[in-house]
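*Asks:* The structure that follows is given in the form of C-alpha cells.
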Amino acid sequence: MTEIHLNNSSASSISETNLVVAATGGDMEAFAELVRIYTNAVCAIAYDLLRDYHLAQDIAQETFVKAHRNLTSLRHPEKFGSWLYAIALRQSIDHKRSIARKIQMQEELGQLALREERRYAEDGMIRHEMSLDVKQALEQLDQTSRTILLSYYVSEIKMPEIARMLNLSVAAVESRMRRSRNLLKERHLSDWAAYFRRHEATDKLVGPVMERLVKQAGQFYLPVSNRARSKEWFVRVLGLSLDHNGHVMLPSGHCLFLIEVSEAVLQERSSSKNTGLVFMIDDADHFRQAMEEQGVPTFRETIQGTGQVQILFYDPDGNRYGACSLT
C-alpha cells in the first residue's frame with residue numbers, strides 16, 4: 001500500500017523507433033507498448049529452444065527486464081527488434097545449458113521429473129492439434145526459418161519487420177518462407193498458429209514485467225483499459241496534473257504510469273481487496289462529499305490496529321484507492 005499526499009496521444013500511435021527513444025528516456029508506458037508488440041515473438045523464440053511454453057514465458061519476462069536495463073547501450077533504436085531477438089536467444093541458450101547441468105545433479109531429479117511431465121503434457125496437446133507431418137517438417141527447418149514462421153504466423157509480424165529483426169533482407173525472408181511453405185501445408189500452419197494464439201502470453205507478461213520495472217525505478221503504475229479515459233478521470237476527479245510527456249503526476253512528484261491491459265486482467269485484479277494508492281487528505285468528510293458530487297461512490301473503513309478511518313473509492317477500471325485524513 002503506497003501513500004501519496006494529495007492537495008494526448010497514445011503511445012501505440014507513434015512509431016516503434018519513437019517508442020524505443022521514449023522508453024530509453026524513462027517512459028514506462030512506451031516500454032509497455034514494446035513489451036506488448038514483441039511478447040509473442042520472444043516467447044516463440046524461447047519455446048523453439050526449450051519446448052516448454054511456461055518456461056518460455058519466464059524467459060520472455062527476463063528478456064524484457066534485461067532489455068530495459070540495457071536500453072541506453074542500444075545505439076540504433078531502429079534495430080530494437082534484432083537486438084531484443086539476440087537477448088532472447090542468449091537467455092534461452094543459457095537456460096538450456098543450465099538445465100543440462102542440473103540434469104547431472106541428483107537433488108534436482110524430482111523437479112526435472114515434474115518439468116518433463118509438464119513438457120510432455122504440453123507436447124500431447126500439440127500432437128492433438130497438429131498433424132505429425134507438420135511437426136516433422138518443423139524439425140527439418142533451421143532455427144532462422146522457424147523463427148520467421150513463428151513471427152509471421154503466431155505474432156503476425158510483417159515481412160519487412162521480420163527482416164529488420166533478424167538483420168536479413170526482405171527477399172531473404174520471403175525466400176525462406178517459400179521454402180518452409182513447401183514443407184508445411186498452409187492449412188496446417190494456420191492450425192499450428194491458432195494453437196499458440198490461444199496460449200498467447202501478452203496479457204500475462206505485460207503486467208508482471210512493468211510492475212518489476214516500475215518498482216525498480218521508484219515510480220508507480222496502474223493497469224487500465226483505456227489510457228486516455230483514465231488520464232481524464234485522474235485530472236477531473238482527483239485534480240492531478242499531467243507532465244510535459246502527458247503522464248499523470250502525483251503530488252509527491254512521481255509519475256503514475258497507466259498501462260493498458262485486457263478486461264480479463266482487470267477483472268482478476270479488481271477481485272483483489274488490496275488498495276493500490278492511499279491519498280492523504282485534509283478533511284475526510286469534505287473529500288467524501290466532493291467525490292460523491294462527481295458520481296464516485298465512497299465507503300468508510302476503519303483500519304485495524306490504528307482505528308483510523310479510511311475512505312475507499314474505485315476508478316472506472318475497478319482499481320481501488322484509499323484516502324486518509326492527516327489529522
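The values are calculated or read from the model by the stated rules, or taken from the named source; none is laboratory data. Everything numeric in this text was worked out from a predicted model, so none of it was measured. Here the Cβ is made from the backbone with ideal geometry for all residues, glycine too, and neighbour counts use every protein chain on show.
*Asks:* Let me spell it out: the conditions are (1) out of contact with any strand residue (DSSP E or B) (no Cβ under 9 Å at 6 or more places or on another chain); (2) within 30 Å of Ala22 (Cα to Cα); (3) among the aliphatic types (A, V, I, L, M), and Ala290 meets all of them except one. Which number is the exception?
*Replies:* Unmet condition: (2).
*Asks:* Scan (1) at pLDDT below 85; (2) charged (D, E, K, R); (3) under 28 Å from Met159 (Cβ atoms) for the single condition Arg101 breaks and write down its number.
*Replies:* Here Arg101 meets the rest and fails (3).
*Asks:* For Thr72, work out the one condition from (1) under 21 Å from Ile148 (Cβ atoms); (2) surrounded by fewer than 20 Cβ atoms within 10 Å (Cβ to Cβ); (3) at pLDDT 90 or above it doesn't fulfil.
*Replies:* Status for Thr72: all satisfied but (1).
*Asks:* Kindly establish whether Tyr120 is within 17 Å of Ile37 (Cα to Cα), modelled with pLDDT under 90, part of a helix (DSSP H, G or I) and of a type in the set (Ser, Thr, Tyr).
*Replies:* The answer is no for Tyr120.
*Asks:* Do we find a residue being hydroxyl-bearing (Ser, Thr, Tyr) and either assigned by TED's automatic domain parsing to the domain that holds Thr275 or modelled with pLDDT of 90 or more (or both) anywhere in segment 34-48?
*Replies:* no
*Asks:* I want to confirm something. Restricting to segment 291-321 and keeping residues that are over 26 Å from Val261 (Cβ atoms) and in contact with a helix residue (DSSP H, G or I) (Cβ under 9 Å, 6 or more places away or on another chain), which single residue is modelled with the highest pLDDT?
*Replies:* Only one residue tops the list, namely Ile311.
*Asks:* Can you pull out every residue in segment 219-247 that is in a strand (DSSP E or B) and of a type in the set (Phe, Trp, Tyr)?
*Replies:* Listed by number, the residues that qualify are Phe220, Tyr221.
*Asks:* Considering every residue within segment 60-68, establish whether at least one is at pLDDT below 85 and out of contact with any Pro (no Cβ under 7 Å at 6 or more places or on another chain).
*Replies:* No.
*Asks:* For the list (1) crowded, with 18+ Cβ neighbours inside 10 Å; (2) under 35 Å from the mean Cα position of the chain (by Cα), I need the number of the one condition that Met280 fails.
*Replies:* Going through (1) crowded, with 18+ Cβ neighbours inside 10 Å; (2) under 35 Å from the mean Cα position of the chain (by Cα) one by one, Met280 breaks only (1).
*Asks:* Given (1) within 16 Å of Glu29 (Cα to Cα); (2) surrounded by fewer than 16 Cβ atoms within 10 Å (Cβ to Cβ); (3) modelled with pLDDT under 90; (4) of a type outside the set (D, E, K, R), where does Asn226 come up short, assuming only one miss?
*Replies:* The one condition Asn226 does not meet is (3).
*Asks:* Continuing with the same structure: Only one residue in Glu232, Glu268 is out of contact with any Phe, Trp or Tyr (no Cβ under 6 Å at 6 or more places or on another chain), closer than 30 Å to Tyr53 by Cβ and either surrounded by 12 or more Cβ atoms within 10 Å (Cβ to Cβ) or assigned by TED's automatic domain parsing to the domain that holds Arg36 (or both). Which one?
*Replies:* Criteria check complete, one pass: Glu268.
*Asks:* Considering only residues that are part of a helix (DSSP H, G or I) and over 13 Å from Val35 (Cβ atoms), which ones fall in segment 55-74?
*Replies:* Selection gives Leu55, Ala56, Asp58, Ile59, Arg69, Thr72, Ser73.
*Asks:* Only one of (1) more than 19 Å from the chain's Cα centre (by Cα); (2) modelled with pLDDT under 80 is not met by Ser13, so which one is it?
*Replies:* (1)
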